[in-house]
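Trainee: Sharing a structure below in structure tokens format, with a few things to ask.
The values are calculated or read from the model by the stated rules, or taken from the named source; none is laboratory data. Since the model is a prediction, treat every value here as computed from it, not as a measurement. Please note: Cβ atoms are built from the backbone with ideal geometry, for glycine as well, and neighbour counts cover all protein chains shown. Note: areas computed on protein heavy atoms with side chains; ligands, DNA, RNA excluded. Shrake-Rupley method; radii C 1.70, N 1.55, O 1.52, S 1.80 Å.
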Amino acid sequence: MVDQTGTVSLSADNLTLQHGKTTIIESLNLTLPLGKVTAIVGPNGCGKSTLLNGLSRIHHPIGGTVLLNGKDIHKYPSKEVARKLALLPQDTISPDGINVEELIRFGRHPHQSTMKQWKMSDQEAIDYALNAADLNGLKDRLLNTLSGGQRQRAWIAMSIAQETPLLLLDEPTSALDLGHQIEVFELIKELSEEGKTIAMVVHDLPSACRYADHIVAMKDGKIVTQGCPKKIMTKELVLALYGIECDLIPDPMTGSPILINIKRVKSL
Amino acid sequence: MVFWFNSPPAQRSVMSAFIPVALLLVFCCVCSLLLGAGNVGPKEAFQVLLGQGTDDANFIVYELRLPRTLIGLVAGLCLGIAGALMQAVARNPLAEPGLLGVSAGSAFAVAIALAMGASTATLPAELAQVGALIGCLCVIAVTQMQGQCNDPIRLVLAGAALTSLLTAMTSLLLMYNERAADEIRFWVTGSVAGRNFEQLMSLAPSLIIAFVCVLYVARPLASLALGERVAIGLGYKPGRIRLIVVFSVALLVGAATAIAGPVIFVGLVVPFMARALIGVDIRRTLWLCVPLGPLVIISADVISRLIAQPAEMPLGVLTAMVGAPVLLAIVRSQRLPTL
């Protein structure tokens with residue numbers, strides 16, 4: 001295994017991103033804490049997915065830069081970025097007739113060339129990814145026959161096989177039930193404990209507080225606040241982000257904030 | 001054997017399908033040399049292959065049937081691979097190479113040459129290829145102008161628009177030129193008869209370029225099947241992949257059209273058969289298309305010689321008559337594989 005311990009930094013410097021002619025994010029600054037899980041939260045349309053796309057070089061910025069190890073991410077060859085940064089987008093497609101191991105093999109593409117396609121280190125990385133995502137018993141199963149949680153674990157395993165110090169995930173649990181959500185979040189937590197720097201867009205606020213070390217709260221394309229969930233999560237913040245009233249209590253087991261007594265603010 | 005048929009297509013090895021198809025192809029090639037036009041029966045033709053034939057028989061087998069078989073091989077290879085590429089890049093199992101304005105472009109180029117006094121017999125093979133390239137470059141130019149080369153649907157729409165425009169212009173051209181209209185009638189129906197070695201050889205460089213492109217683009221194209229952003233995340237550039245694919249398709253279809261006329265349905269049906277045999281992964285499909293494309297064309301050609309004796313049915317008519325029911329069956333089948 002390549003040593004992946006927080007060696008590669010990713011930050012946005014004065015970043016401005018547009019969708020067509022609409023500015024989604026303007027002059028945003030952000031540095032992902034090394035070796036930690038960062039959750040980007042906020043209401044629909046606040047620009048969190050756009051930010052993630054910008055950070056992962058899918059969107060070209062209109063202004064400002066995304067810095068990968070201090071250098072503009074768009075100045076690197078795309079394949080070199082793919083060896084430093086893995087991305088799991090929301091709109092993945094699971095083609096018919098592809099099995100789990102075949103999917104994970106795609107994660108090795110950035111490490112291979114057209115001429116030299118398969119090395120020992122590739123198989124090692126795949127075995128490692130299968131183990132890490134607990135997919136050993138499922139490696140020959142067709143992707144389309146898996147449950148949602150298993151399939152999402154297979155996609156994450158593909159990113160693991162990419163052996164990157166950075167991992168960006170766009171709503172990795174959005175289509176999953178509670179059990180499968182926990183399955184995926186715990187895997188993400190384990191990966192960060194091994195040293196990966198992870199950023200994910202998450203809708204579920206309590207899960208974000210529970211599994212992330214760092215929360216970035218966004219609204220209208222701007223960062224409202226960021227920091228450790230226990231410190232920044234207040235009922236005022238929830239009201240500002242989502243327009244709902246609630247009370248926060250610490251989880252008796254983990255201490256992370258839980259939302260209770262949630263109600264809509266009635267407009268006058 | 002039973003086990004093979006019961007296993008899911010994607011889990012069969014490529015070789016387990018490739019070898020039987022290749023053997024069948026060899027068999028059809030031999031049939032193609034032994035059967036068909038000219039007063040040389042299978043027995044005489046067989047003696048020619050053993051080196052004991054008469055001069056007449058030698059002429060018919062080596063000067064007529066052999067080139068025709070080779071052209072069938074090359075055209076089938078080109079169309080099968082082009083079809084598989086086209087369907088993968090358009091994410092549409094019903095896409096056809098002709099969709100990119102490729103066939104219409106080459107037909108238009110040929111029509112212009114004929115109207116200016118050329119004859120089908122002496123027509124340089126590159127002409128159709130150049131027409132195909134110009135046709136698909138127009139399509140790409142339109143989509144690029146909009147900055148939308150990343151959208152396969154727009155690519156196909158632009159191709160369809162250009163195809164109808166070019167077809168209309170070809171008809172217009174032929175309306176005013178009766179000789180050209182007569183000449184092109186045979187060319188348009190598609191036939192592997194009456195073409196020669198020189199035409200084939202002149203296409204070799206462009207085919208080599210196309211095959212190198214295909215080898216290079218197969219892996220990136222397979223990753224594109226996982227989603228646009230996944231491919232970018234893996235370090236590929238989807239826009240560039242599509243450009244290379246479209247360029248290769250133009251070279252391949254142009255070459256096939258130049259030597260065999262616009263043979264339809266082969267590019268559509270061959271990838272379908274390949275997927276039914278070994279699954280949707282483009283890298284596997286492409287390998288199987290290598291023997292499968294020629295097999296379809298050559299078997300169609302042999303049958304066309306037999307059922308229309310002593311005349312020969314144009315290949316394009318036969319592939320359409322065989323291909324249409326196959327296509328209808330596919331459309332009616334329970335589920336189309338998603339690409």
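Trainee: Taking Cα centroids, how far is the stretch A:98-176 from the stretch B:33-111 in Å?
Mentor: Using only Cα atoms, the two centres lie 43 Å from each other.
Trainee: Can you list residues from other chains, or at least 5 along the same chain, whose modelled amide H is less than 5 Å from the amide H of A:Leu88?
Mentor: A:Leu168, A:Leu169, A:Asp170
Trainee: Taking θ as phi - 60°, what are the ³J(HN,Hα) couplings along the stretch B:250-267 by the Karplus curve (6.51, -1.76, 1.60), each to the nearest whole Hz, with x for Gly and Pro?
Mentor: Per residue, the Karplus-derived 3J(HN,Hα) values read 4, 4, 5, 5, x, 5, 4, 5, 4, 9, 10, x, x, 7, 8, 6, 4, x Hz.
Trainee: Still on this structure, please answer the following. How crowded by other chains is A:83-93, given as the mean number of beta carbons from other chains within 10 Å of each beta carbon?
Mentor: That average works out to 4.
Trainee: Just going by the charge dipole of the stretch B:191-263, with Lys and Arg at +1 and Asp and Glu at -1 on Cβ, which of B:Ile208, B:Gly239, B:Ile259 is farthest out on the positive end?
Mentor: B:Gly239
Trainee: Right, something else. What's the percent breakdown of Cα-Cα distances in chain A across 10 Å bins, shortest bin first?
Mentor: P(r) for chain A, in whole percents per bin: 7, 29, 34, 22, 7, 1, 0.
Trainee: If you roll a 1.4 Å probe over the stretch B:9-131 with all protein chains in place, what percent of the accessible area is carbon or sulfur?
Mentor: Carbon with sulfur: 69 percent of the solvent-accessible area.
Trainee: Explain nothing, just the number: dipole magnitude of the stretch A:202-256 about its Cα centre with +1 on each Lys and Arg Cβ and -1 on each Asp and Glu Cβ, in debye rounded to the nearest 20.
Mentor: 160 debye
Trainee: Taking every pair of Cα atoms in the stretch A:150-190, average 1/r, invert it to obtain the Kirkwood radius, and report Rg/Rh to two decimals.
Mentor: 0.94
Trainee: Take the alpha carbon gyration tensor of the stretch A:89-137, find the square roots of its eigenvalues, order them as a ≥ b ≥ c, and report rounded if a/c is under 1.5; if not, report prolate when a/b exceeds b/c, else oblate.
Mentor: Oblate.
Trainee: Using the Karplus curve 6.51 cos²θ - 1.76 cosθ + 1.60 with θ = phi - 60°, what ³J(HN,Hα) values do you get for each residue of the stretch A:202-214, in whole Hz, with x for Gly and Pro?
Mentor: Each residue of the stretch A:202-214 in turn: 10, 8, 7, 4, x, 5, 4, 5, 6, 9, 9, 8, 9 Hz.
Trainee: Ranked highest first by average number of other Cβ atoms within 10 Å, how do A:187-195, A:250-258, B:125-133 line up?
Mentor: Sorting A:187-195, A:250-258, B:125-133 by mean packing, highest first, produces B:125-133, A:187-195, A:250-258.
Trainee: Moving on to the next point. Working from the pairwise distances between different alpha carbons, so that the mean of 1/r is found and then inverted, what is the stretch B:225-337's Kirkwood radius in Å?
Mentor: It is 16.1 Å.
Trainee: Right, something else. Classify the stretch B:32-128 as rounded, prolate or oblate from the Cα gyration tensor: take a ≥ b ≥ c as the square roots of its eigenvalues, call it rounded if a/c is under 1.5, otherwise prolate when a/b beats b/c and oblate if not.
Mentor: It comes out oblate by the Cα gyration axes.
Trainee: Enumerate the amide H contacts of A:Ile24 below 5 Å, restricted to partners 5 or more residues apart or on another chain; note that Pro and chain-start residues carry no placed amide H.
Mentor: A:Leu17, A:Gln18, A:His19
Trainee: Let me ask you something else. Hull surface divided by four, with the convex hull built on the Cα atoms of chain B: how many nm²?
Mentor: That works out to 18.4 nm².
Trainee: What FRET efficiency comes out for A:Lys79 versus A:Asn29 if R0 is 41 angstrom and r is the Cβ-Cβ distance? Round to the nearest 0.05.
Mentor: 0.90
Trainee: Nearest 100 Å², what total accessible surface is buried between chain A and chain B (probe 1.4 Å)?
Mentor: Heavy-atom accessible area buried at this interface is about 2300 Å².
Trainee: With springs only between Cα atoms under 10 Å apart, run a GNM on chain A and tell me which of A:Gly64, A:Gly179, A:Gly20 wobbles the most.
Mentor: Looking only at A:Gly64, A:Gly179, A:Gly20, the largest GNM fluctuation is found for A:Gly20.
Trainee: I would also like to ask the following. Per residue, how much accessible area does the protein assembly as shown show when a 1.4 Å probe rolls over the protein heavy atoms, in square angstrom?
Mentor: Per residue, the protein assembly as shown has 44 Å² of solvent-accessible surface.
Trainee: Work from the charge dipole of chain A (Cβ charges, +1 for Lys and Arg, -1 for Asp and Glu, about the Cα centre) and give the residue of A:Pro172, A:Gly42, A:Phe106 farthest towards its positive end.
Mentor: So the residue we want is A:Gly42.
Trainee: Counting only protein heavy atoms and using a 1.4 Å probe, what share of the accessible area of the stretch A:128-268 belongs to carbon plus sulfur, as a whole percent?
Mentor: 53 percent
Trainee: Distance check, please: which entries in A:Lys36/A:Lys230; A:Lys21/A:Lys222; A:Lys48/A:Lys219; A:Lys21/A:Lys48 exceed 20 angstrom between their Cα atoms?
Mentor: none
Trainee: Then there's this: Once you order the gyration tensor axes a ≥ b ≥ c over the Cα atoms, which shape class does the protein assembly as shown get: rounded for a/c under 1.5, otherwise prolate or oblate by comparing a/b with b/c?
Mentor: prolate
Trainee: Based solely on its DSSP helices, what 222 nm [θ] is calculated for chain A when runs of n ≥ 4 H residues each add -39,500 (n - 2.57) and the sum is averaged over all residues, nearest 500 deg cm²/dmol?
Mentor: After summing the helix terms and dividing by residue count, I get -9000 deg cm²/dmol.
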